[in-house]
Amino acid sequence: MKQRVWLLDSSIYIFRAWFSMPDQWHTADGMPLNAVYGYASFLCDFVKRTQPSPWLAAAFDESLGSCFRNELYPGYKASRTLPDEALAFQLRACRTLTDLCGIPSYGGERYEADDYLATLARLARTKKLSTTVVTRDKDLGQLLVEDNDQWWDFASDQTLDRAAFQARFGVLPDQFADYLGLVGDSVDDIPGVPGVGAKTAVAVISSLGGLDDIERNIDSVAALPLRGASRIKDRLQEHWPQALLSRELARLQSEIPGLENLPEFRLTTESTERVANYLDSLGMGGLLVKRWRALGAEA
């Protein structure tokens with residue numbers, strides 16, 4: 001069995017905690033800590049379940065409005081608002097405690113968390129490692145390249161491999177960017193092709209292949225057993241540049257400059273004690289700190 005690398009989409013679990021945890025923890029000067037508490041609890045459970053493993057890394061979204069995709073399409077994620085002071089504080093705190101745990105973490109202004117994870121997954125393949133991406137984001141299904149790769153939503157304990165991903169979305173993981181090129185993504189403000197929904201996109205891709213194949217055989221779209229197939233062909237032709245742009249926005253960048261080596265991770269008593277002390281300094285003592293120290297005792 002191949003060794004496995006665990007790639008954590010940290011931001012998505014921070015936001016999950018931000019929206020779901022009660023507002024009952026605060027710093028001495030009144031900053032909320034609900035997202036920090038929820039993320040620290042999740043991270044403790046996650047590390048415990050995945051250890052011992054020398055391959056674990058995390059990525060954070062820190063590029064809202066400054067990502068290279070905004071240069072391609074200024075409207076990309078334009079409907080999202082920047083974090084306010086309270087959330088920005090918690091995002092920084094969550095990355096700090098991740099670093100204190102010794103988990104290699106990545107984030108920056110030009111690339112998104114998904115791009116860092118895609119680059120790390122590529123590096124893992126050069127070492128013949130299987131990849132588990134820990135996320136709730138369907139876009140990261142694109143990292144399911146090998147049969148042993150997994151998409152794992154830790155919160156619901158739901159795991160997808162390549163076959164399960166295709167069964168859910170109707171297309172292979174490596175066709176997902178093409179799929180989004182057609183249907184778009186309202187969450188990320190990716191336009192897609194107006195009037196082309198999920199069922200139509202799946203039918204076209206299943207019959208003809210990705211966007212490059214569709215472009216070469218565009219006249220064949222009119223002959224597909226779809227209601228209004230001729231109108232769909234006309235719509236694709238009219239909005240084809242937008243479909244190609246949408247695919248480019250949806251594709252993950254797996255060649256981030258400067259990220260050339262897969263980092264190693266080792267859980268130690270010292271690292272868990274650093275996390276425990278940090279949480280204690282924020283005013284979150286008690287059970288959560290005890291759990292981190294117990295984790296260290298098992299290291």
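For K128, a cut-off of 22 angstrom between C-alpha atoms picks up these lysines, skipping any fewer than 8 places away in its own chain: K2. Summary of packing: across the peptides 135-144, 233-242, the per-residue average of other C-beta atoms within 10 Å ranks them, highest first, as 135-144, 233-242. Helix 85-100 and the long axis of the chain differ in direction by around 70°, with both axes built from C-alpha atoms.
Taking a straight line from the alpha carbon of K48, these lysines sit under 16 Å away, with near neighbours fewer than eight places off in the same chain left out: K290.
Taking Cα atoms only, the orientation of helix 240-250 departs from the longest principal axis of the chain by about 20 degrees.
Placing a label point 7 Å from the Cα of S186 along the Cα-to-Cβ direction, the residues of the range 70-84 with a backbone N closer than 17 Å are 76-81. The candidate values were [x] 21.9, 89; [y] 23.9, 87; [z] 21.1, 67; the one computed from these coordinates for Rg and Dmax of the Cα atoms in Å carries the label [z]. The range 173-202 and the range 1-43 have Cα centres separated by 30 Å.
In plain terms, the chain from K138 to D99 could stretch by 11.4 nm, reckoned as 0.36 nm per residue minus the Cα-Cα distance.
Remark on the range 220-299: hydrodynamic radius 18.2 angstrom, per the Kirkwood mean of 1/r across alpha carbon pairs. Neighbours of A229, meaning other residues whose beta-carbon lies under 12 angstrom from its beta-carbon, give a summed charge of +2 when Lys and Arg score +1 and Asp and Glu score -1. Per-peptide packing, taken as the mean over residues of other Cβ atoms within 10 Å, places 86-93, 282-289 in the sequence 86-93, 282-289 from highest down. Relative to the longest principal axis of the Cα atoms of the chain, the long axis of helix 269-282 lies at roughly 90 degrees. Placing a label point 7 Å from the Cα of E238 along the Cα-to-Cβ direction, the residues of the range 172-202 whose backbone N falls under 13 Å of that point are 193-196.
Taking 0.36 nm per residue of separation and subtracting the Cα-Cα distance, full extension of the segment from N261 to A299 would add 11.2 nm. In order along the range 156-168, phi translates into HN-Hα couplings of 9, 6, 10, 10, 10, 9, 4, 5, 5, 5, 5, 5, 7 Hz, rounded to whole numbers, per the Karplus curve 6.51 cos²θ - 1.76 cosθ + 1.60 with θ = phi - 60° and x for Gly and Pro. Once you reduce the range 124-141 and the range 77-107 to the center of their Cα atoms, the two points are 21 Å from each other. State whether the range 1-98 is rounded, prolate or oblate according to the following rule on the C-alpha gyration tensor (a ≥ b ≥ c being the square roots of its eigenvalues): a/c under 1.5 gives rounded; otherwise a/b larger than b/c gives prolate, and the remaining case gives oblate. Here the range 1-98 falls in the oblate category.
Amide H contacts of Y106 (H built 1.01 Å from N, in plane; Pro and chain starts excluded): A58, A59, F60 sit under 5 Å, all sequence-distant by 5 or more or on other chains.
Any read-out appearing in this document is the output of simple, stated calculations on the displayed coordinates, not a laboratory observation. No experiment lies behind these values; they were computed from the predicted model shown. Glycine gets a Cβ as well: all are built from the backbone with ideal geometry, and neighbour counts include every protein chain shown.
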